[in-house]
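Just below is one structure, and these are the notes that go with it.
Taken together, the values in this text are just the output of simple stated rules run on the coordinates, not laboratory data. Quick caveat, the model's predicted, so the values are computed rather than measured. Ideal geometry is used to build each Cβ from the backbone, glycine not excepted, and the neighbour counts take in all protein chains shown.
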Amino acid sequence: MRIVALVGQKGGVGKTTTTMNLAAVMAKHSRVLVVDVDPQGSTTWWAENAGEGLPFDFAADVDPNNLARMRELPYDVIFVDTPGSLEDTTVLSAVLDAADYVILPLNPEPLNTPALVRTIRAHIEPRGLPFRILLSKIDRRRPGQLEDWEQLVDDGLKLPRFRQYVRLYAAHSDAPLQGRVVTQYPDTRQNANAIFDYTHVAMELMAIWANEPATVGSK
């Protein structure tokens, strides 16, 4: 089993979208659960709009005692959408103490970078958790945006990141209201790249896991 925490101190970086869509791709071959522990309830609202249509199981829980026991559940992968604020760290700490991998989405807005670094230094590195930054909401119509942010993460911050990135598409913005995840997008030319991005992030994640043993949570 793998427990994956999606973490981000700033809102709007793509944390919930990444949670739901990676879960959807993984659910093609694994038993997957998504747990919403964010008081804003964005993931819960998305799941409610989907009704019975999600390809994975879903739960909302902010009880640290229950979160500490997630590994007892009968799933191959659990994705946890964590709070967008670090003011109350009780729930986040419970999730990270149970997790064995962390994904930190980062969209190309400079003010998001200090918050991401603080989160890593204060909560992730002290636990020895493996993690990757996922560049999100990349607008390929803006020349050099992707390359600039790759260089910032690689050379400036010197932090690990996914090679695959997620582009900015209306399909992702519309999906929560429609109750859809990426594996349910209409197979159109417009959606092809949106489907490609999250499919390949999931494939990269599985390749990383194949070379990195599970850590904290599996002990």
- [ ] Calculate one ³J(HN,Hα) per residue across region 189-196 by plugging θ = phi - 60° into the Karplus curve 6.51 cos²θ - 1.76 cosθ + 1.60, and present them in order as whole Hz with x for glycine and proline.
- [x] 4, 5, 8, 4, 6, 4, 5, 4
Open item on the list: Cut-off 10 angstrom, C-alpha nodes, Gaussian network model of the chain. Which of P83, P105, P39 fluctuates the most?
Closed with: P39
Task: Gain in span if fully extended, W209 to V62, counting 0.36 nm per residue against the direct Cα distance - done: 50.2 nm
TODO: Taking each pair of different alpha-carbon atoms in the chain once, compute 1/r for the pair, average those values, and report the inverse of that mean as the Kirkwood hydrodynamic radius in Å to one decimal.
DONE: 17.3 Å
Task: CD proxy at 222 nm, helix term only [per DSSP H run n ≥ 4: -39500 (n - 2.57); per residue of the chain; nearest 500] - done: -10500 deg cm²/dmol
TODO: Provide the packing ranking of 148-154, 124-130, 22-28, i.e. peptides ordered by the mean count of other C-beta atoms within 10 Å per residue, highest first.
DONE: 22-28, 148-154, 124-130
- [ ] Kindly rank 165-173, 1-9 from highest to lowest mean number of other beta carbons found within 10 Å of each residue.
- [x] 1-9, 165-173
- [ ] Taking H placed 1.01 Å from N in the peptide plane, check which residues at least 5 places from F58 or on another chain put their amide H under 5 Å from its amide H.
- [x] V34
Task: 5 angstrom amide H check on Y101, placed H, neighbours 5+ away - done: I3, A5
Task: Mean Cβ neighbour count within 10 Å, used as a protection proxy, ranking 55-61, 41-47 highest first - done: 41-47, 55-61
- [ ] Eight or more residues apart or on different chains, and alpha-carbon atoms under 21 Å: count the Lys pairs in the chain matching that.
- [x] 5
Open item on the list: What does the charge count around D76 come to, taking other residues whose C-beta lies under 15 Å from its C-beta (Lys +1, Arg +1, Asp -1, Glu -1)?
Closed with: +1
Open item on the list: Spelling out what I want: for every residue of region 101-111, take phi, set θ = phi - 60°, compute 6.51 cos²θ - 1.76 cosθ + 1.60 (Karplus), and round to whole Hz; glycine and proline get x.
Closed with: 7, 10, 10, 10, x, 9, 9, x, 10, x, 5
